[in-house]
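Worksheet: the structure to be examined is printed underneath.
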């Protein structure tokens, strides 16, 4: 029987490989446009909410792993610079200038993929056909999990425009990934942990060796800004019995590993349930296409 998770791993790795082109291209464009280093927070909000008003709380239903105060400061700063407009009650929407900037960064990321041909066009289109069916099945699946993120990505990413097939991969995979995020948020929020604390918890789970506060700050500092938040989160996680420290480094306890792995199992249960819309032979074909794309992108990376 096909291991569905192996398909997802191959697709995620392809996404990450494309990100090695897209994110630097966006950063370069942002520098040329003289945007501040924290530009991505408000740009992502414009991409995801379109012309709809949004609050920091709305944004954090998709990105719950930072600090509300930091996100609010970034939105307020973007409003002062003319990229967003405040509608009162901490609600924002984009200005024409903000939308223009967001589209320029989207286009810079897309253009960075122009010379890549990792997989024949017919195979890529067949992959997209599977994506479309999976997205339809996910949207038709009853809650939980919430469909908040997946709906916003589906409704708004397509409006930004794509000019080449790999951009379509980014947009379509992004919708699938949003449902993965919806699923994971549903899985861990029942523990009553702050998002930034869960992020620290997950970073420790992903790392087999003990990790220092400084190492954690290198990974998540852009989200929370204040290193003291990490210290407080580690203290809170330690009090729960999930984390232990030794010589200034932190790792999960046996109980912590069990909790985190249980959350991952529940995430998988939510996320993979709609994949039963594909037959066994279709899943095998999807795996073949996914690994072919990953292999092609790795070859391109080596050139």
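Key figures for this structure:
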quantity	calculated
Pick from segment 86-97, criterion out of contact with any helix residue (DSSP H, G or I) (no Cβ under 6 Å at 6 or more places or on another chain) and not in a loop (DSSP other than H, G, I, E, B), ranking: nearest to residue 32 (Cα to Cα)	97
Residues satisfying the stated conditions in segment 1-59, i.e. assigned to a strand (DSSP E or B) and without any contact (Cβ under 8 Å) to a residue 12 or more places away in the chain	none
Filter result (within 16 Å of residue 62 (Cβ to Cβ) and either surrounded by fewer than 21 Cβ atoms within 10 Å (Cβ to Cβ) or in contact with a helix residue (DSSP H, G or I) (Cβ under 6 Å, 6 or more places away or on another chain) (or both)) within segment 177-193	177, 178, 179, 180, 181, 182, 183, 184, 186, 187, 188, 189
Some residue of segment 293-301 being under 26 Å from residue 137 (Cβ atoms), out of contact with any helix residue (DSSP H, G or I) (no Cβ under 8 Å at 6 or more places or on another chain) and in contact (Cβ under 8 Å) with a residue 40 or more places away in the chain	no
Any hit, segment 129-141, residues being crowded, with 22+ Cβ neighbours inside 10 Å, at pLDDT 95 or above and in the same structural domain as residue 10 (by TED's automatic domain parsing)	yes
Residue in segment 171-192 that is more than 19 Å from the chain's Cα centre (by Cα) and at negative phi present	yes
Test: residue 45 is buried (at least 16 other Cβ atoms within 10 Å of the Cβ) and touching a strand residue (DSSP E or B) at 6+ places or on another chain (Cβ under 7 Å)	yes
Tabulated pairs, segment 140-167, first over 25 Å from residue 189 (Cα atoms), second outside any helix (DSSP H, G or I), C-beta under 6 angstrom, 6+ apart or interchain	156/50; 166/113; 166/116
Residue in segment 92-114 that is nearest to residue 50 (Cα to Cα), counting only those that are surrounded by fewer than 15 Cβ atoms within 10 Å (Cβ to Cβ) and either in contact (Cβ under 8 Å) with a residue 40 or more places away in the chain or under 24 Å from the mean Cα position of the chain (by Cα) (or both)	100
Candidates 172, 183, filtered to the one that is assigned by TED's automatic domain parsing to the domain that holds residue 128, closer than 18 Å to residue 268 by Cβ, at pLDDT 95 or above and not in a loop (DSSP other than H, G, I, E, B)	183
Residues satisfying the stated conditions in segment 219-233, i.e. modelled with pLDDT of 95 or more and out of contact with any helix residue (DSSP H, G or I) (no Cβ under 7 Å at 6 or more places or on another chain)	228, 232
Number of the condition not met by residue 225 [criteria: (1) surrounded by 14 or more Cβ atoms within 10 Å (Cβ to Cβ); (2) over 23 Å from the mean Cα position of the chain (by Cα); (3) on the phi > 0 side of the Ramachandran plot]	(2)
Flag if residue 216 is under 14 Å from residue 238 (Cα atoms), part of a helix (DSSP H, G or I) and over 18 Å from the mean Cα position of the chain (by Cα)	no
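The values are calculated or read from the model by the stated rules, or taken from the named source; none is laboratory data. Model, not experiment: these values are computed from the prediction. Heads up, the Cβs are rebuilt from the backbone with ideal geometry, glycines too, and the neighbour counts pull from every protein chain shown.
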